[in-house]
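Written out below as structure tokens is the structure these notes cover.
Nothing in this text is a laboratory measurement; each read-out follows from the coordinates by a stated rule. From a predicted model like this one, the values you see are computed outputs, not experimental measurements. Virtual Cβ from ideal backbone geometry, glycine too; neighbours counted across all protein chains shown.
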Amino acid sequence: MAFIGSHVSVAGGLWLAIERGEALNCEAIQIFTKNQLQWKASPLPLHVCERFYRSYRESSIHSIVAHASYLINIAAPDGIWEKSIQALKDELERCEQLGIDALVLHPGSHRGEGTERGIATAVCALRRVLSETEGQRTKILLETMSGQGDALGTTLQELERLIDGCGAHRRLGICLDTCHLFAAGMELRTVDSYRRLVDAVERRLGLDRVGCWHLNDSREPRGSRKDRHSNLGEGELGLVPFSCIVNDIRWEQTPCLLETPKADDGDLKNLALLRKMRGW
């Protein structure tokens, strides 16, 4: 079965995210290992890593995914590029210390330089980061994007080019975000359209590259290129795609993580809905 869960806060201590995940009966969680709006963070003390790792192993949570800082832009045509490389390496090191196997990363924005140049710049960054973190186990999961602004990763073809440009490196995978896919123009609202998406992922990237799903309804219509998340069933997507995902045996033990609004017990309601779809 797919591992159902949500993004949870690390406020007060990284290990508290695990307690929060358990309180929601999550099977998987997503966290930030540092403030996502800051470039730098203090090194992780050994006792923090040990406490986090012990809490994780003693919990009922099967999988933890980290999300990289929103500031990182590996496709940037300016000084942010080198800063992003160092920040990404730091994020991977933090994951390594905490025993986290996957780090979700936005593929970056070319900032008006064009998709071709943006992909080349991002590939160069990824190749360097992978080389300089050789021996680590944490995978980088490139997230599908909504197409807002100059973002890369709006299509499966772009993700394919990024991964192929790195020699199909074993530590590169993808994160499929339902809201982003829909906003970028992908139809997902029927069983047949969901099957077509999965077939396209298998053909272009291979299903083994899918490290996690982000489950979000969309406040905006298909093709809007706007990243506006909504609670499941309250947006333009409806419930069909989410039922397809959590019942698809191809996503056995794949984290399926909510990034839906937190207000009014949003996580509790959305998780209950996913469990009902899955049958328990």
| Between Val65 and residues 5 or more places away or on another chain, which pairs have amide H atoms under 5 Å apart, with H built 1.01 Å from N, and which residues are they? | Ile29, Gln30, Ile31
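Do any trypsin sites (Lys or Arg not before Pro) in the stretch 1-44 lie in a loop, going by DSSP, with at most 16 other beta-carbon atoms within 10 Å of their beta carbon, and if so which? If you can, show how the numbers build up before the last one.
Values: sites: Arg20, Lys34, Lys40; in loops: Lys34, Lys40.
Loop-located and lightly packed - Lys40.
Report the full-extension gain for the segment Arg225 to Leu46: residue separation times 0.36 nm, less the Cα-Cα distance, to one decimal in nm.
Residue separation times 0.36 nm, minus the Cα-Cα distance, leaves 60.2 nm.
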| query | What's the exposure ranking of Glu160, Glu91, Glu202, going from fewest to most Cβ atoms within 10 Å? | reply | Glu202, Glu160, Glu91
| query | If you plug each phi of the stretch 248-258 into the Karplus form 6.51 cos²θ - 1.76 cosθ + 1.60 with θ = phi - 60°, what whole-Hz ³J(HN,Hα) values come out, in order, with x for Gly and Pro? | reply | 8, 5, 5, 9, 3, 6, 8, x, 10, 10, 6
| Which of Ser84, Ser55 comes first, and how do the rest follow, when ranked by fewest Cβ neighbours within 10 Å? | Ser55, Ser84
| Around Leu141, which amide H atoms from residues at least 5 apart in sequence, or from another chain, sit under 5 Å from its own amide H, with H modelled in the peptide plane? | Leu103, Val104, Leu105, Gly173
| note | Nearest-0.05 FRET efficiency for Thr190 and Glu252 at R0 = 35 Å, using Cβ-Cβ distance, is 0.90
| field | Stretchable slack from Glu19 to Ala200, in nm (0.36 nm times residue separation minus alpha-carbon distance) | value | 61.4 nm
| request: With a cut-off of at most 11 other beta carbons within 10 Å, and DSSP calling the residue loop, which chymotrypsin sites (Phe, Trp or Tyr not before Pro) in the stretch 44-85 qualify? Please list them. | output: Tyr70
| field | Ascending count of other beta-carbon atoms within 10 Å, so fewest first, for Trp39, Trp15 | value | Trp39, Trp15
| said: Assuming 0.36 nm per residue, please report the length gained on full extension of the stretch Asp265 to Lys83 beyond their Cα-Cα distance. | reply: 61.8 nm
| task | Considering Cα pairs under 8 angstrom that are at least six residues apart, work out the relative contact order of the stretch 3-278 and quote it in whole percent. | result | 17
| remark: Computed ³J(HN,Hα) along the stretch 224-236: with the Karplus parameters 6.51/-1.76/1.60, θ = phi - 60°, integer Hz and x for glycine or proline, the list is 5, 6, 10, 8, 10, 7, 9, 5, 4, x, 9, x, 7
| Tell me, what are the semi-axes, in whole angstrom and largest first, of the equivalent ellipsoid of the stretch 3-278 as set by the roots of 5 times the Cα gyration tensor eigenvalues? | 26, 25, 16
| If you put +1 on each Lys and Arg Cβ and -1 on each Asp and Glu Cβ, how big is the dipole of the stretch 3-278 around its Cα centre, in Debye rounded to 20? | 100
| field | For the stretch 207-213, Karplus couplings with θ = phi - 60° (6.51, -1.76, 1.60), whole Hz, Gly/Pro x | value | 5, 5, 7, 7, x, 6, 10
| field | Centroid-to-centroid separation of the stretch 61-120 and the stretch 1-41 [C-alpha atoms, Å] | value | 18
| note | Between the residues Leu205, Gly185, Gly238, the Cα farthest towards the positive end of the dipole of the chain, that dipole coming from +1 and -1 charges on the beta-carbon of Lys, Arg, Asp and Glu, is from Leu205
| request: Among DSSP beta bridges whose residues both lie in the stretch 147-280, state the antiparallel percentage, nearest 5. | output: 20
| Total formal charge among the other residues, if their Cβ is under 12 angstrom from that of Met145, Lys/Arg +1 and Asp/Glu -1 | -3
